[in-house]
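Below: the structure, in structure tokens.
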Amino acid sequence: MTSIVKKNKTVDTLENIYALFDTEMAGFPVACAKQCADCCTCNVTATGLEVAYIHDRLGAGGLDDIRVRLARSWQARRYRPAATTNGFALACMEGRDADEEENDPAWGTCPLLEDGICTIYPVRPLGCRVMMSTTSCRKAGQADMPLLALTITTVFMQFVEHLDAGGIYGSFLDLMEYAGKNDLSRSPLPENLNISGTTRNLKIPALMIPPEHVEKTQALVQSLAGMIL
Ligand code: SF4
């Protein structure tokens, strides 16, 4: 099992990565506003480290609130990813097709949403943070994401996964339910943990950056590499 010292170090690194992500995305004209929560579905994904981070930062009171919300609203169908972001990169490198997956926003809203506001907003996982649009999704019926923003969010997903390589990746709600039933305050998610429908985080096999964005993301990649490698 990972030592507590290592856990604290990686949790702090994760927080620094989130701060860097917010700085990067501030460069885009984001239309997302308070109570605009169409992307808050039950299909968000997360790494085990991100769940440990939420556990660490919210403490017992915050977790009790999450427990109640999860118990109150149960969506039987959720997106359960067959592969991680780095797993997808690896499949591309090896010329394999990605596994088929089912994902439908109609399966339900996230139970952590209250009156259109996220109740854990400061500590939400990257899978929530990467949802952005430069125009109102409600008006347009879909998100409008610049290709450079898509590249940047993918790079962050790859580095956050790398930070938790060997740990688990899956439905955020599945992982939060596990955390709600198990005391993670003194120990991280066990490395041999097996929750149905989850998969394992991988190290970065190659960054998914198209040639036209390599120069624009060079400084960012160096910053992220300096934080975790
Ligand atoms: S955790 Fe918060 S930001 Fe993420 S989907 Fe749920 S309500 Fe939305």
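The values are calculated or read from the model by the stated rules, or taken from the named source; none is laboratory data. Not measured: the values here are computed from a predicted model. Don't worry about glycine lacking a Cβ; one is built from the backbone with ideal geometry, like all the others, and counts go over all protein chains shown. Side chains are part of the model used for accessible areas, which takes the heavy atoms of the whole protein and leaves out ligands, DNA and RNA. Shrake-Rupley method; radii C 1.70, N 1.55, O 1.52, S 1.80 Å.
Could you list all residues from segment 56-96 that are part of a loop (DSSP other than H, G, I, E, B), at pLDDT 85 or above and farther than 17 Å from residue 195 by Cβ? Hits for segment 56-96 are 94, 95, 96.
Yes/no matrix, rows are residues, columns are (1) touching a Leu at 6+ places or on another chain (Cβ under 6 Å); (2) open to solvent by less than 20 Å² (accessible area, probe 1.4 Å):
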| residue | (1), (2) |
| --- | --- |
| 40 | yes, no |
| 54 | no, yes |
| 59 | no, no |
| 64 | no, no |
| 89 | no, yes |
| 102 | no, no |
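In segment 110-131, the residue that is nearest to the ligand (Cβ to nearest atom) out of those that are over 15 Å from the mean Cα position of the chain (by Cα) and in a strand (DSSP E or B) is 113. Looking across segment 34-52, the residues that are part of a helix (DSSP H, G or I) and either near the ligand (Cβ under 9 Å from one of its atoms) or small (Gly, Ala, Ser) (or both) come down to 48, 52.
Can you pull out the residues in segment 1-24 that are at pLDDT 90 or above, more than 14 Å from the ligand (Cβ to nearest atom) and either open to solvent by 10 Å² or more (accessible area, probe 1.4 Å) or touching a Gly at 6+ places or on another chain (Cβ under 7 Å) (or both)? 12, 13, 15, 16, 19, 20, 23, 24, listed by residue number.
Taking the numbered list (1) touching an Asp or Glu at 6+ places or on another chain (Cβ under 6 Å); (2) part of a loop (DSSP other than H, G, I, E, B); (3) open to solvent by less than 30 Å² (accessible area, probe 1.4 Å) in turn, residue 135 passes all entries but (3).
Exactly one residue out of 153, 217 is of a type in the set (S, T, N, Q), in a helix (DSSP H, G or I), more than 16 Å from the ligand (Cβ to nearest atom) and closer than 25 Å to residue 16 by Cα: that is 217.
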